[in-house]
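Just below is one structure, and these are the notes that go with it.
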Amino acid sequence: MDDASLSDYDPRIDKAKKFLKLANDADTMNRQEALEDLKFVNGDQWPVELQNSRNLESRPVLTINKLDGYCRQVVNQIRQQRPRPKVHGMNSDADEKTAEVIQGIIRHVEANSNADNAYDTAADYAVRMGWGFWRVNTRYVREDSFDQEIYIDAIDNPFTVYYDINSVAPDGSDAEKCLITAMIPKDVFRATYPGHDDGTSFTQRGTGDSQSEWITKEDIRVAEYFYTVREKVKLLQLSDGSSVFDDDYKKQKAMFEAAGITIIDERPSVRKKIKWCKLTAIEILEEGEWAGKYLPIVPVYGRHTVVGDKRKKFGMVRHAKDAQR
């Protein structure tokens with residue numbers, strides 16, 4: 001990159017690259033074993049040297065794949081009774097009615113976005129290799145509209161997702177960062193993002209260069225980077241029983257005073273925001289803020305356990321391979 005590019009270099013790019021390397025290094029064994037499980041359950045069950053030996057001797061190399069049937073049986077049972085979001089009212093009739101309205105909105109989102117496919121895809125990967133993902137997204141309803149709708153989308157390749165390695169909650173609610181990446185041809189990148197640097201002028205500096213994971217001769221990596229930002233704020237308790245952040249109160253101070261609402265208590269607090277940007281190793285392509293306090297990428301785990309200080313993730317194939325062989 002030239003001096004001008006370096007002066008405009010966004011620090012979020014370095015953070016995204018470091019996070020990718022950290023997540024990849026921490027999950028390398030899980031990813032390798034999961035890939036082997038996925039290949040195995042899809043029919044690649046012979047050791048390479050034994051398969052080559054039998055091919056040279058013109059001997060049959062048969063694969064009677066029973067594991068795929070077992071996996072399908074488990075996934076089909078999940079399909080018959082899919083886990084779904086359920087909203088419950090707590091105390092009063094008003095809460096119950098509000099819960100029914102929210103439940104109706106969720107059903108509309110699921111029907112509108114074919115959420116069954118997203119749930120089934122994630123569950124299938126969880127059964128076969130140990131984990132899968134689905135995501136919540138927003139899109140404009142038409143090209144000439146500013147209205148957006150919520151969609152639940154499938155992630156058809158879990159290996160493109162690099163999830164927070166410190167997340168332990170089964171639903172990922174404690175995750176702070178996530179990276180969804182894709183390697184695309186440079187001619188496709190130039191057509192999709194005209195005017196942006198495709199890395200053609202970039203020169204590899206040597207082994208271990210972090211840029212080499214992002215830019216190759218023919219392809220460039222484009223990543224969606226979700227990260228959490230926390231701001232220190234003052235929380236105010238009002239005389240009507242509600243609470244509001246100090247900066248929001250100042251914006252509506254006249255309205256509160258006109259209604260006779262006063263401040264009765266305050267305390268320091270933290271406001272959590274989820275930021276989002278789409279980037280390459282060179283520049284930020286798009287950015288924004290997610291309208292929620294959780295990452296919109298939801299993990300679906302098979303078996304998730306800790307052995308010593310290592311976190312192991314696997315499905316039903318891992319310990320059935322020897323029996324199948």
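The values are calculated or read from the model by the stated rules, or taken from the named source; none is laboratory data. None of the values given here were measured: they were computed from a predicted structure. Here Cβ is always computed from backbone atoms with ideal geometry, including for glycine, and neighbour counts include all displayed protein chains. Calculation scope for accessible area: heavy atoms of the full protein, side chains included, ligands and nucleic acids excluded. Shrake-Rupley method; radii C 1.70, N 1.55, O 1.52, S 1.80 Å.
Does at least one position in the range 132-154 carry a residue that is in a loop (DSSP other than H, G, I, E, B), touching an Asp or Glu at 6+ places or on another chain (Cβ under 8 Å) and either without any contact (Cβ under 8 Å) to a residue 40 or more places away in the chain or open to solvent by less than 20 Å² (accessible area, probe 1.4 Å) (or both)? Within the range 132-154 (the criterion being in a loop (DSSP other than H, G, I, E, B), touching an Asp or Glu at 6+ places or on another chain (Cβ under 8 Å) and either without any contact (Cβ under 8 Å) to a residue 40 or more places away in the chain or open to solvent by less than 20 Å² (accessible area, probe 1.4 Å) (or both)), the answer is yes, since at least one residue qualifies.
Within the range 229-266, which residues are in a strand (DSSP E or B), β-branched (Val, Ile, Thr) and open to solvent by less than 60 Å² (accessible area, probe 1.4 Å)? Reasoning before the result, please.
Taking the range 229-266 as the starting set, the residues that turn out to be in a strand (DSSP E or B) are 229-238, 243-245, 263-266.
Within this subset, residues satisfying the condition of being β-branched (Val, Ile, Thr) are 229, 233, 244, 263-264.
Of everything in the range 229-266, those that are in a strand (DSSP E or B), β-branched (Val, Ile, Thr) and open to solvent by less than 60 Å² (accessible area, probe 1.4 Å) turn out to be Val229, Val233, Val244.
Could you run through the range 83-102 and say how many residues are of a type in the set (S, T, N, Q) and either surrounded by 12 or more Cβ atoms within 10 Å (Cβ to Cβ) or in a helix (DSSP H, G or I) (or both)? Talk me through it step by step, then tell me what you get.
Keep residues of the range 83-102 that are of a type in the set (S, T, N, Q), which gives 91-92, 98.
Now restrict to residues that are either surrounded by 12 or more Cβ atoms within 10 Å (Cβ to Cβ) or in a helix (DSSP H, G or I) (or both): 98.
Residues flagged as of a type in the set (S, T, N, Q) and either surrounded by 12 or more Cβ atoms within 10 Å (Cβ to Cβ) or in a helix (DSSP H, G or I) (or both) within the range 83-102 amount to 1.
Scanning the range 37-51 for residues that are over 16 Å from Asn157 (Cβ atoms), without any contact (Cβ under 8 Å) to a residue 40 or more places away in the chain and in a helix (DSSP H, G or I), we see that the one that is least open to solvent (accessible area, probe 1.4 Å) is Gln51. Going by the conditions given, is Gln32 under 24 Å from Met316 (Cβ atoms) and part of a helix (DSSP H, G or I)? Yes. Of Gln45, Gln51, Gln32, all but one fail to be modelled with pLDDT of 90 or more and out of contact with any Cys (no Cβ under 7 Å at 6 or more places or on another chain); the exception is Gln32.
Look through Phe226, Phe202 and report the one residue that is among the hydrophobic types (A, V, I, L, M, F, W, C) and at pLDDT below 85. Explain how you work it out, then say what you get.
Numbers: Phe226 fails: at pLDDT below 85.
After applying the criteria, what remains is Phe202.
Residues in the range 103-113 that are surrounded by 13 or more Cβ atoms within 10 Å (Cβ to Cβ) and among the aliphatic types (A, V, I, L, M) were compared, and the one that is farthest from Ile152 (Cα to Cα) is Ile106. Restricting attention to the range 269-284 and to residues that are more than 19 Å from the chain's Cα centre (by Cα) and under 12 Å from Ile220 (Cβ atoms), the residue that is surrounded by the fewest Cβ atoms within 10 Å (Cβ to Cβ) turns out to be Glu283.
Would you confirm, using the coordinates I've provided, whether Arg128 is touching a residue at least 12 places away in the same chain (Cβ under 8 Å), closer than 25 Å to Phe40 by Cβ, of a type in the set (Lys, Arg) and surrounded by 15 or more Cβ atoms within 10 Å (Cβ to Cβ)? Explain how you work it out, then say what you get.
Values: touching a residue at least 12 places away in the same chain (Cβ under 8 Å): yes; closer than 25 Å to Phe40 by Cβ: yes; of a type in the set (Lys, Arg): yes; surrounded by 15 or more Cβ atoms within 10 Å (Cβ to Cβ): yes.
So Arg128 passes the test.
On inspection, Tyr70 passes the criterion of being at pLDDT 90 or above and over 29 Å from Val136 (Cα atoms). Per the conditions (1) more than 13 Å from Pro299 (Cβ to Cβ); (2) surrounded by fewer than 17 Cβ atoms within 10 Å (Cβ to Cβ); (3) out of contact with any strand residue (DSSP E or B) (no Cβ under 6 Å at 6 or more places or on another chain), the sole criterion not satisfied by Asn117 is (3).
Cβ-Cβ contacts under 6 Å between residues 6 or more apart (or on different chains), taken from a first residue in the range 295-316 that is within 16 Å of Asp164 (Cβ to Cβ) to a second residue that is modelled with pLDDT under 90, are listed as Lys313/His304. If a residue has to be open to solvent by less than 40 Å² (accessible area, probe 1.4 Å) and more than 12 Å from the chain's Cα centre (by Cα) to count, how many in the range 155-166 make the cut? Residues meeting the conditions: 0. Selection of the range 285-325 for residues being assigned to a loop (DSSP other than H, G, I, E, B) and either within 30 Å of Pro11 (Cα to Cα) or within 16 Å of the chain's Cα centre (by Cα) (or both) yields Ala291, Gly292, Lys293, Tyr294, Leu295, Pro296.
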